[in-house]
1. Over the chain, what is the mean sequence separation of C-alpha contacts under 8 Å (at least six apart), divided by residue count, expressed as relative contact order in percent?
2. Of Ile78, Met68, Val56, which is farthest along the charge dipole of region 53-139 in the positive direction, counting Lys and Arg as +1 and Asp and Glu as -1 at C-beta?
3. Eight or more residues apart or on different chains, and alpha-carbon atoms under 27 Å: count the Lys pairs in the chain matching that.
4. The chain: longest stretch without exposed GluC sites (Glu not before Pro) (DSSP loop, at most 13 other Cβ within 10 Å), sites themselves excluded?
5. Kindly state, to the nearest 0.05, the FRET efficiency for Arg319 paired with Val12, given R0 = 30 Å and r defined as their beta-carbon distance.
6. Run the dipole for region 187-318 about the Cα centre, Lys and Arg Cβ at +1, Asp and Glu Cβ at -1, nothing else charged, and hand back the magnitude in debye, nearest 20.
7. Would you look at the GNM of the chain, springs on alpha carbons closer than 10 Å, and say which of Arg233, Arg52, Arg208 moves the most?
8. If you scale each eigenvalue of the Cα gyration tensor by 5 and take the root, what three semi-axes come out for the chain, rounded to whole angstrom and sorted largest first?
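Each value in this text was obtained by applying a stated rule to the coordinates, not by laboratory testing. Computed from a predicted structure; not experimentally measured. Cβ: placed from backbone, ideal geometry, glycine included. Neighbour counts: every protein chain shown.
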Amino acid sequence: MQGDSERSGTGVIDHLSKAFQNGLVNSAFDRDVQRRDDPDWVVQQLNDVNSRFIPVWRQKNLIDVDEMKAMALSPTDIAQPETLLDSTVLLGSHERRTYFAFFMDENCDPIGEKFLHTDATFEDLRRVGPMLDDWDASLLAYAKGICFWHERHRFCGVCGSPTVSSKAGHLRRCADSVCGASHFPRTDPAIIVLVHCEEHCLLGRQGRWPEGVYSTLAGFVEPGESAEQAVLREVWEETGIRIEQMWYQSSQPWPFPSSLMLGFEAQARFDNICRNDDELEDARWFTREQVIDALADRGALRLPPQFSISRRLIEGWCR
Ligand SMILES: [Zn+2]
């Protein structure tokens, strides 16, 4: 029973098992943290034919669209394997196979110029993610997230000098001998919340979304603010609704481009909606019946994709 597995003997929510149910979260992958400081081992793995490389180019992932599978290349699939040393990130291992992200120069044409020996194409994970299996989607999300960070930290934020990759790609160090600042991978915390009041829940939509799609409310946590305060503020800004209680549920990496979604459920009063900013095109209270219909692909309301924590929060409320 779903409900039983979510609660321990003390009656509290088991956030870990909830997080493992979220898309883009891989519970079986070993990040090999200790190996990041072992450059000899890393070089050995870069040349090992059993190792696999997950290319990322212009924030897109390499996909075999016929099979709808992530492409994990071997060193022999890469035309210039000597380039791997400076442009890979050790992701980790699974079943004795080591995986690397391979960030490719955005100005090149990796397939047209035959840097990669493959017929696959680079696709947007946000689009193809719902069609991939969980293992592929989570591996691509990890590779995409860390490659985006590399792309945006090629220069030191302290002195402006170039930075170089270190610790198997988990650190960039300023090349200036005086500055030498260390830059670690970052993610941006954001809250996402399913607000409800008895038989209604509060969903909003952005103008650029496909017609009929409504989702849970979300926004970035600001400096000097707790995640819980961000929930109160975002819900009020986007809908004018005041939260009375909230519960943390679980989190999900969301590399579009670099967020960590902190999922909450909140209870509010059933008041009129008044949008205080223009972030949303529309926000509405939906009945539980409308949402159950939408989960079954009935009615006009459309919900966010299966692999999103937003969908999980909505499904959890409908149970
Ligand atoms: Zn510097």
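1. Numbers: 615 pairs, mean separation 52.9, N = 319.
Answer for the chain is 17 percent.
2. Val56
3. 10
4. Details: sites that count: Glu67, Glu95, Glu106, Glu113, Glu198, Glu199, Glu211, Glu281.
Counting at most 13 other Cβ atoms within 10 Å as exposed, the longest clean stretch of the chain is 114-197.
5. On the way: r = 18 Å, r/R0 = 0.59.
Here the calculated transfer efficiency is 0.95.
6. Numbers: 12 positive and 22 negative charges, 67 e Å.
Roughly 320 debye for region 187-318.
7. Among Arg233, Arg52, Arg208, the largest GNM mean-square fluctuation belongs to Arg208.
8. Numbers: eigenvalues 297, 98, 75 Å².
Semi-axes from the Cα gyration tensor: 39, 22, 19 Å.
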